[in-house]
1. Of all residues in the stretch 289-325, which are assigned to a helix (DSSP H, G or I) and free of Cβ contacts under 8 Å to residues at least 24 places away in the same chain?
2. Being modelled with pLDDT of 95 or more, more than 18 Å from residue 214 (Cα to Cα) and crowded, with 19+ Cβ neighbours inside 10 Å is true for just one of 394, 406, 416, 432. Which residue is that?
3. Quick one: residue 223 ticks every box in (1) crowded, with 21+ Cβ neighbours inside 10 Å; (2) over 24 Å from residue 147 (Cβ atoms) except a single one, so which number is it?
4. Confirm whether residue 260 is within 20 Å of the chain's Cα centre (by Cα) and closer than 25 Å to residue 147 by Cβ.
5. Among the helices (runs of 4 or more DSSP H) confined wholly to the stretch 99-218, which include 3 or more residues that are closer than 28 Å to residue 237 by Cα, over 22 Å from the mean Cα position of the chain (by Cα) and at pLDDT 95 or above?
6. Just one of (1) closer than 20 Å to residue 309 by Cα; (2) in contact (Cβ under 8 Å) with a residue 12 or more places away in the chain trips up residue 60, so point out which.
7. Let me confirm something: among 47, 56, which residue is within 20 Å of residue 25 (Cβ to Cβ) and not assigned by TED's automatic domain parsing to the domain that holds residue 284?
8. Identify all residues within the stretch 291-316 that are loosely packed, with under 14 Cβ neighbours inside 10 Å and either touching a helix residue (DSSP H, G or I) at 6+ places or on another chain (Cβ under 6 Å) or within 16 Å of residue 229 (Cα to Cα) (or both); write none if there are none.
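The values are calculated or read from the model by the stated rules, or taken from the named source; none is laboratory data. Keep in mind the model is a prediction, meaning the values are calculated, not measured. So basically every Cβ, Gly included, is an ideal-geometry build from the backbone, and we count neighbours across all protein chains shown.
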């Protein structure tokens, strides 16, 4: 195992990786910008090094050398899927906690990944060429960027007349976000469910899946609630989709944690490969809470570090089982009932429901939140013996999640989790884009805020 691990990230994911690295006996190293000099992840690490930007690959590598790191964990976002950075890390003699740079390159582009999936016998969404006559298309179609992800550079098009302006808009967005405006056109599944398979492989040729997650509750391609296992899959569908994910990963010699995303057509029951994320996902905690390996709770970060150190996984597919149900809610600094605008300011009081749920967060009372970075403040994750027990536990946990002085989407999440559509597992990937979630009654919210304030004062 490694002596010192630098996390090339910030916020809750840096703290999450530190937790496991520390438990394994490794020294933890943070990087931070001037805005984050007092952030929890920078304070908690054994060592912290200032960088000008989390995207400055040279500065991050220099920080690793300065602090004596022997491994770099990229977290998610920022440089996590940057093949050039991964190669620079390994060229510098450090361990990269992720798949090889060549695999990142191959799977990081949607067009190349699609070809690999076809060669591996994994079903893909029917597609069209950009030079085809749009009058021959079966609308609606999805125009999407070949590079990048996160919902950027994507447009749903319902008619041939709308195709050209949609492509132009998606190209502009993709060029700005990824420096690459290459586009794909695919069939758009209107009542689709987003199912993703968690895979883990090692450098010795072993690849297994850790079952699947359902991330259908999303807004404009940004995930809001995630759960494991997927509630609508039959046992036959579960076997087929998880086997397909592991098969695809094995076909490229995948070593480390990754996620294979699929779109499930709720009408036909068919599923199609979408893309592969060559990193740890934001929503990995639901897999950790719902999956057991040899009867023990999964720790994906521990597996990542183990594999990056050259060890074998040490278990086989038959050792992987499901246990109950887990759901995660992403808490954002945004006004969900005011156009989902990002929010900034000082959180005067923060009360996380840590006695009721697993909470991976990076927000404390008195902390200033900036719009310079991703607005996610934390993740509230619950586990129950079945889905309904987990859902009710999530509602209760969100009832006890309080942030004063800063607007968050907690009320929105609570209403969504308590609603009939989520209860019945009938939400598809476009549901939130066509449905308005009602604002909660402000009276209970005021009572809860008052309770949290008095509790904090009593504790002080």
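1. The answer is 318, and nothing else.
2. Details: 394 fails: more than 18 Å from residue 214 (Cα to Cα); 416 fails: more than 18 Å from residue 214 (Cα to Cα); 432 fails: more than 18 Å from residue 214 (Cα to Cα).
Result of the check over 394, 406, 416, 432: 406.
3. Just one mismatch for residue 223, condition (2).
4. On the way: within 20 Å of the chain's Cα centre (by Cα): yes; closer than 25 Å to residue 147 by Cβ: yes.
Spelling it out, residue 260 is indeed within 20 Å of the chain's Cα centre (by Cα) and closer than 25 Å to residue 147 by Cβ.
5. So the answer is 110-119.
6. Condition not satisfied by residue 60: (1).
7. 47
8. 294, 297
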